[in-house]
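All remarks here apply to the structure that follows.
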Amino acid sequence: MSLEIENLDLQAAVELLEGGSCSSEELVHALLSRITARDSSLCAYLSVDGDASLRQARDADKARASGSTAPLLGIPLAVKDVINVSGDSCHCASKILEGYVSPYDATVIGRLRDAGAVFVGRTNMDEFAMGSSTENSAFGVTRNPCSIDHVPGGSSGGSAAAVAGGEAVAALGSDTGGSIRQPASFCGCVGLKPSYGRVSRYGLTAFASSLDQIGPMTRTVRDAAALLEVMAGHDERDSSSINMAVPGYSSCLGEDLRGMKLGLPKEYFVAGTDSEVDNAVRAAVEECSKLGAEIVEISLPHTDYAVATYYIIATAEASANLARFDGVRYGHRAEGVINPIDMYGKTRAQGFGAEVKRRIILGTYVLSSGYHDAYYLRAQKVRTLIRQDFEKVFEDCDALLTPVTPTPAYRIGEKVDDPLRMYLGDVFTVPANLAGICGLSVPCGVSSDGLPIGLQVLGPAFKEENILRVGHAYELARANSKNG
Amino acid sequence: MQSDNQNVDRIDVSYVAHLARLHLDKEEIESFQGQLEETLDYVRKISELDVEGIEPTAHAVSVQNVFRADEERPGLNREQVLENSPAHNEEQILVPKIIE
């Protein structure tokens with residue numbers, strides 16, 4: 001049979017497999033051919049293990065023949081290179097972890113494996129998830145499938161490019177300050193950052209532990225709901241994961257938004273945002289209103305301080321988390337060293353790229369004696385104000401609608417030497433991580449240059465069902481109006 | 001921060017890199033110096049806010065004292081752990097001499 005793998009979403013793949021019109025082996029085989037044909041130009045993957053994925057696919061086919069009805073049985077997934085999969089490399093796109101092979105599965109991988117998923121390959125990213133363009137990978141620059149001169153966004157740029165470029169049915173990313181939502185927006189796919197504590201971080205190599213979350217990157221909102229349903233839930237191996245029932249997200253989806261109140265934060269609709277982005281998002285808001293939602297203007301007064309707060313807290317946590325990369329237990333070790341201190345300094349100098357070094361230095365500085373109170377402690381207090389802004393508006397609103405980014409994807413190389421300018425692009429995504437709330441990026445338009453534009457739907461902590469409902473109804477309405 | 005602005009204004013990149021156990025070369029120190037000063041200038045905008053009486057947030061969803069039963073359970077075995085180390089023998093990770 002001829003399988004249009006590049007247009008296949010997760011739900012359609014599940015239906016094909018369940019209906020017996022194709023086997024997982026055929027599906028994975030088609031996907032591997034697609035990757036072989038396409039990935040030399042996109043560089044979405046860092047590694048693909050064809051033999052191992054076909055083996056997993058055949059096992060899934062056998063399980064189906066023996067009566068298994070696992071929800072993701074035989075479905076191939078791509079995994080960001082920051083999440084541990086037993087027996088696979090996990091380099092975090094860094095030279096310092098060259099040679100590292102995971103001895104265990106991350107909790108989300110274990111859950112997806114139990115649900116029948118097949119792990120096809122590891123996707124490119126900014127080194128240690130630090131960046132917004134995937135240009136900070138030590139192993140090559142990923143390109144945007146909509147325009148190969150443009151960045152795919154980051155840090156989960158490889159996962160976004162794989163999904164949008166038809167090289168993956170769905171993928172996993174991680175989001176510390178927008179790293180799922182922003183690349184999803186730049187490449188034109190769906191990305192969901194769960195609430196802090198919703199999905200276990202066990203097996204996710206830590207960047208900033210109080211902000212990191214793993215989430216799905218998919219072709220449709222329904223697919224994101226299906227994956228989150230499997231991934232979410234309490235894990236005793238992550239003591240920050242919350243012991244709270246996981247709703248059946250797929251069954252919360254509907255075609256209209258009647259009875260929902262959606263807020264428009266005025267601080268997210270400001271001069272400085274690209275007019276095509278602004279127009280596309282306002283048109284999406286209008287569509288949500290037509291679907292029956294009540295739209296209200298609200299205010300999140302501390303928005304303007306979020307990027308500053310984020311880059312203090314995230315780098316402080318990163319400087320502590322990345323201390324473990326010292327050449328002792330795993331990865332690269334410098335040669336010709338005279339003592340352990342010399343070994344640490346040289347190993348880290350050789351193993352880390354420029355952006356990781358900058359952030360370690362910044363984070364060390366804001367935590368150092370004499371500066372801790374002025375930077376780190378004060379940033380934690382401002383974080384409280386940002387969190388309270390959201391708590392207040394969510395007393396009244398079910399979700400908020402905003403742009404994901406101030407501009408569509410920019411050209412490769414355009415911002416790489418100007419870190420601050422790159423950081424300022426995170427203005428609409430970092431507040432959700434600081435506040436611990438959930439956020440979804442859904443395609444809502446295309447610029448005159450053919451670059452995708454995303455709508456961000458923000459929801460209260462542990463109300464993923466709200467943002468999935470909004471995203472799904474909007475996505476259906478948009479598809480209908482395009483076809484109609 | 002308001003009272004000691006002079007001290008806060010300049011980051012000594014080479015000293016902080018030493019604290020972070022990062023050997024930087026001269027060119028890196030020079031380029032990072034300007035980039036980090038610019039970033040610090042920007043993040044100092046949080047000093048505009050009055051945070052008197054505001055509690056700091058360490059985790060967005062705060063959970064405290066998460067305990068589990070103190071029971072033996074399987075973990076990684078020694079071979080699995082040693083496998084990833086750049087220098088080891090059958091029993092332990094090897095490092096350069098620490099005490100002369």
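Mind giving me the FRET efficiency for residue A:482 and residue A:339? R0 is 45 Å, r the Cβ-Cβ distance, nearest 0.05 is fine.
Here the calculated transfer efficiency is 0.10.
How well do other chains shield peptide A:355-364, expressed as the mean number of their Cβ atoms within 10 Å of each residue Cβ?
Mean partner-chain Cβ count within 10 Å for A:355-364: 6.
Compute the signed sum of charges (Lys and Arg +1, Asp and Glu -1) over the other residues within less than 14 Å, Cβ to Cβ, of residue A:254.
Summing Lys/Arg as +1 and Asp/Glu as -1 gives -2.
Say R0 is 22 Å: what FRET efficiency, to the nearest 0.05, do residue A:40 and residue A:149 get from their beta-carbon distance?
Working from the Cβ atoms, E equals 0.85.
Taking a label point 7 Å from the Cα of residue A:236 along the Cα→Cβ vector, which residues of segment A:95-111 have an amide N closer than 12 Å to it?
Label zone hits: none.
Residue by residue through A:339-352, how many Cβ atoms from other chains fall within 10 Å of the Cβ on average?
Shielding by partners across A:339-352 averages 4.
Out of all DSSP beta bridges in the protein assembly as shown, what portion is antiparallel? Express it as a percent rounded to 5.
So the antiparallel bridges amount to about 70 percent of the total.
Once ligands and nucleic acids are excluded and a 1.4 Å probe is used, how much of residue B:94 is accessible, expressed in Å² to the nearest 10?
Counting only protein heavy atoms, the figure is 80 Å².
With every protein chain left in place and a probe of 1.4 Å, what is the accessible surface of residue A:51, to the nearest 10 Å²?
For residue A:51, solvent-accessible area is about 110 Å².
From other protein chains only, count the Cβ atoms within 10 Å of every residue's Cβ in B:79-88, then give the mean.
The mean count of partner-chain Cβ atoms within 10 Å per residue comes to 5.
Are there trypsin sites (Lys or Arg not before Pro) in segment A:246-314 that DSSP puts in a loop and that have at most 14 other Cβ atoms within 10 Å, and which ones?
Within segment A:246-314, the qualifying trypsin sites (Lys or Arg not before Pro) (loop, at most 14 other Cβ atoms within 10 Å) are A:258.
Report the net charge of residues surrounding residue B:86, where surrounding means a beta-carbon distance below 9 angstrom and charges are Lys +1, Arg +1, Asp -1, Glu -1.
+2
Which residue, B:33, B:80, B:64, tops the fluctuation ranking in a GNM of chain B built on C-alpha contacts under 10 Å?
Between B:33, B:80, B:64, it is B:80 that shows the largest mean-square fluctuation.
Counting other Cβ atoms within 10 Å of each Cβ, which trypsin sites (Lys or Arg not before Pro) in segment A:23-90 have at most 13 and sit in a DSSP loop?
none
Translational D (Stokes-Einstein, µm²/s) of chain A at 20 °C and 1.002 mPa s when Rh comes from the Kirkwood sum over C-alpha pairs?
In µm²/s, the coefficient is 96.
How much length would be gained if the chain were fully extended between residue A:86 and residue A:421, taking 0.36 nm per residue of separation minus their Cα-Cα distance, in nm to one decimal?
116.8 nm
Which of the trypsin sites (Lys or Arg not before Pro) found in segment B:1-94 are in a DSSP loop and have at most 15 neighbouring Cβ atoms, other than their own, within 10 Å?
Here the trypsin sites (Lys or Arg not before Pro) that fit, given the DSSP loop and packing criteria, are B:10, B:68.
Measuring from label point to label point, each 7 Å out along Cα→Cβ, what is the residue B:41 to residue A:283 span in nm?
Each label point is offset 7 Å from its Cα along the Cβ direction, giving 3.9 nm.
Please give the per residue accessible area of the protein assembly as shown, computed with a probe of 1.4 Å over protein heavy atoms only, in Å².
I get 39 Å² per residue for this part.
Rounded, prolate or oblate: pick one for chain B, where a ≥ b ≥ c are the square roots of the eigenvalues of its C-alpha gyration tensor, a/c under 1.5 means rounded, and failing that, prolate if a/b is larger than b/c, else oblate.
oblate
If A:481, A:40, A:155 are ordered by their accessible area, calculated over protein heavy atoms with a 1.4 Å probe, which sequence runs from highest to lowest?
From most accessible down to least: A:40, A:481, A:155.
Across segment A:169-178, in residue order, what do the Karplus-derived ³J(HN,Hα) couplings come to in whole Hz, using 6.51 cos²θ - 1.76 cosθ + 1.60 with θ = phi - 60° and x for Gly and Pro?
Per residue, the Karplus-derived 3J(HN,Hα) values read 6, 6, 8, 9, x, 9, 9, 9, x, x Hz.
Taking each pair of different alpha-carbon atoms in segment A:106-204 once, compute 1/r for the pair, average those values, and report the inverse of that mean as the Kirkwood hydrodynamic radius in Å to one decimal.
13.5
Under a 5 Å amide H to amide H cut-off, with H placed in plane at 1.01 Å, what residues pair with residue A:244 once short-range neighbours are removed?
A:234
So what does residue A:135 come to for accessible area, using a 1.4 Å probe and Å² rounded to 10?
30
As I understand it, the value is the acute angle between the Cα axis of helix B:26-43 and the longest principal axis of the Cα atoms of chain B; what does it come to in degrees, rounded to 10?
Between the helix axis and the principal axis of chain B, the angle is about 60 degrees.
Give me the percent of Cα-Cα pairs in segment A:42-173 that sit more than 17 Å apart, rounded to a whole number.
It works out to 56 percent of all Cα pairs.
Mind counting lysine pairs for me in chain A? Cα separation below 25 Å, and the two need to be 8 or more apart along the chain or on different chains.
28
The values are calculated or read from the model by the stated rules, or taken from the named source; none is laboratory data. Everything numeric here is computed off the predicted structure, so don't read it as measured data. Cβ coordinates were reconstructed from backbone atoms using ideal geometry, including for glycine residues, and neighbour counts include every protein chain displayed. Side chains are part of the model used for accessible areas, which takes the heavy atoms of the whole protein and leaves out ligands, DNA and RNA. Shrake-Rupley method; radii C 1.70, N 1.55, O 1.52, S 1.80 Å.
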